[in-house]
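Here, each number is a calculation from the coordinates, and none is a lab measurement. Not measured: the values here are computed from a predicted model. FYI the Cβ positions are ideal-geometry reconstructions off the backbone, even for glycines, and counts take in every protein chain you see.
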Amino acid sequence: MRKLVFAAAIAACASMASAEYEAKWESLDSRPVPQWWQDAKFGIFIHWGPYAVPAYAPVAENGKFHWDGYSEWYQGFMLNGKKPFLDHHQKLYHDAPYGNFAAQFRAENFDAKAWAKLFRRAGAKYVVLTSKHHDGFALWPSPESPYYNAVAMGPGRDLAREYCDAMAAEGLKRGFYFSMLEYANPLYPAKRDGAAGEGALSIGEWNRRVNMPQLRELAEKYRADIIWPDGEWDYTSAEHGSEAFLAWLYNESPVKDTVVANDRWGKDCRGKHGGHYTTEYLLEGGDASGDSAVHPWEECRGIGSSFGYNRYETPDHYMSREKCVETLVNCVSRGGNLLLNVGPTADGRIPAIMQDRLLAMGRWLEVNGEAIYATVKWDEAPKGLKSVYFTRKGGDLYLISFLAGRAPLSVKTGAVKSVTVLGAPSAKVDWSVKDGVLTVVPPAFAAGECPCEFAPVLKIVR
Ligand code: FHN
């Protein structure tokens, strides 16, 4: 009996000790971003839902970012009266409501195992799937979206469950994107156009009846490794009840010790509160991703200009294989992760051009992963170099250059013991150090001898 009382007391203490975080940003922000995520560096984002049926957005000239290029916004842009979307819809679908796409979104060729194998071969360590985007269609049989989900309509399958099981089998961490807003749900208190529509819930009720139960389900039932909210901008984090949710997530949920959360918990949060900070098509700017960034951060973007599949993009609108790798290296060299998006088709295939880019990244990482995974930003890296990047692991540095030609590079490193090429240890590298400045000539390789398709990596041991 005494033993039992003692055990109960220990359990009570343990649970008190685990109630580490208060439902206040000050406390929640003190939780370190789990190391597994910081080491992982590369994740795959998946935007998939009924918007994959029209798969339309006006393509950007030269494939650059532009807001109207997001095909997953098809319904939202129609509601906002965007002419290219209205014209396109009228031409192909006449007066059919957007909701019809949910029935046509059938996922008949979806093979979660094939997706997982592809992502593993790409060298990604985690994946984030849109559990529910702004159109409100849930990829799992959510009791809070009982008629508008992937089991009730279209696929007739729990896509989130298949995704989780397949990713886990390939050793990939599973994350869920989750939209706080639903732009066409009459119950959602939309703020964008002023007052919420008649019959809408208060934001407090919306959270209590929809958002919070759904977020909890993703953590409890699907054991999400990453919770990635978005569409948070209509309300503050206090109005969304985000601090209370995170306190539960970090203290009590079944994933409390390992779960990763982003910074999109209310319009007051991006770059300020939550777990890792996020940027979007903003590699060249923003405090979170700048050279002086100190907080863990993650860039997300598509391989082209859209997150959802845009069947009107051509190869010219996609980043090249080399640009995809450079985008990853650029993020990692500045202390960030890359969450690179794929937009599957409505029948569940990942377009071949996206597969091609991912597999190219995987081949490069297979040789050069040592310079990426579990590295950190090198704080003394020279600033302002274009297409030349550095990462650091302990005292070792990695120099990753996307420059063509063999012009010598000079960089202040201090004493150097060796300079070698990853994947080609016997390749001869011409280097010297004077007054702590390393000068190195990028090595020449005979045709077919280079260990990777582009950007061979130099390892500098100090
Ligand atoms: O509106 C969304 C967009 O469709 C997409 O999901 C991205 C991904 O970060 N987030 C929102 C815009 O910030």
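Below, the figures for the structure above:
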quantity	calculated
Length gained when the stretch residue 19-residue 295 is fully extended (0.36 nm per residue, less Cα-Cα span)	97.0 nm
Restricting segment 391-441 to trypsin sites (Lys or Arg not before Pro) in coil, as DSSP defines it, with at most 15 other Cβ within 10 Å	406, 417, 428
Residue exposure sequence - 301, 264 - by fewest surrounding Cβ within 10 Å	301, 264
Efficiency of FRET from Cβ geometry, residue 453 and residue 114, R₀ 22 Å, rounded to 0.05	0.40
Listed residues 169, 133, 154: farthest to the positive end of the dipole of segment 122-169 (Cβ charges)	169
Computed FRET value (nearest 0.05) for residue 407 with residue 35, which takes r as the C-beta separation and R₀ as 41 Å	0.60
Nearest-20 debye value, segment 381-462 charge dipole, Cβ charges on Lys, Arg, Asp, Glu	340
Average Cα contact separation per residue, segment 277-380, under 8 Å, 6 or more apart, as relative contact order %	27
Environment charge at residue 211 (Cβ cut-off 14 Å; Lys +1, Arg +1, Asp -1, Glu -1)	-4
Rg and Dmax of segment 388-461, Cα atoms only, in Å	11.7, 36
222 nm mean residue ellipticity, helices alone, for the chain (DSSP H n ≥ 4; -39,500 (n - 2.57); rounded to 500)	-8000 deg cm²/dmol
Cβ-Cβ FRET estimate between residue 80 and residue 379, R0 fixed at 35 Å, reported to 0.05	0.20
Ratio of Rg to Rh over the chain (Cα coordinates, Kirkwood Rh, two decimals)	1.00
Over segment 388-461, relative contact order from alpha-carbon pairs under 8 Å, at least 6 apart, %	40
Linear extension gain, residue 100 paired with residue 267, 0.36 nm per residue minus alpha-carbon span	57.0 nm
For the chain: relative contact order, % (alpha-carbon pairs under 8 angstrom, 6 or more apart)	18
Cut-off 14 Å between beta-carbons: net charge of the residues surrounding residue 24, Lys and Arg +1, Asp and Glu -1	-4
Top positive-direction residue, dipole computed over segment 291-339 with Cβ charges, set 325, 315, 293	315
Net charge of Cβ neighbours under 11 Å - reference residue 345; Lys, Arg +1; Asp, Glu -1	+1
Part-to-part distance (alpha-carbon centres) for segment 308-365 and segment 201-245, which is given in Å	29
Stretch gain in nm, segment residue 220-residue 200, where the contour uses 0.36 nm per residue and the Cα spacing is subtracted	4.4 nm
For segment 21-371, share of DSSP beta bridges that run antiparallel, in % to the nearest 5	5
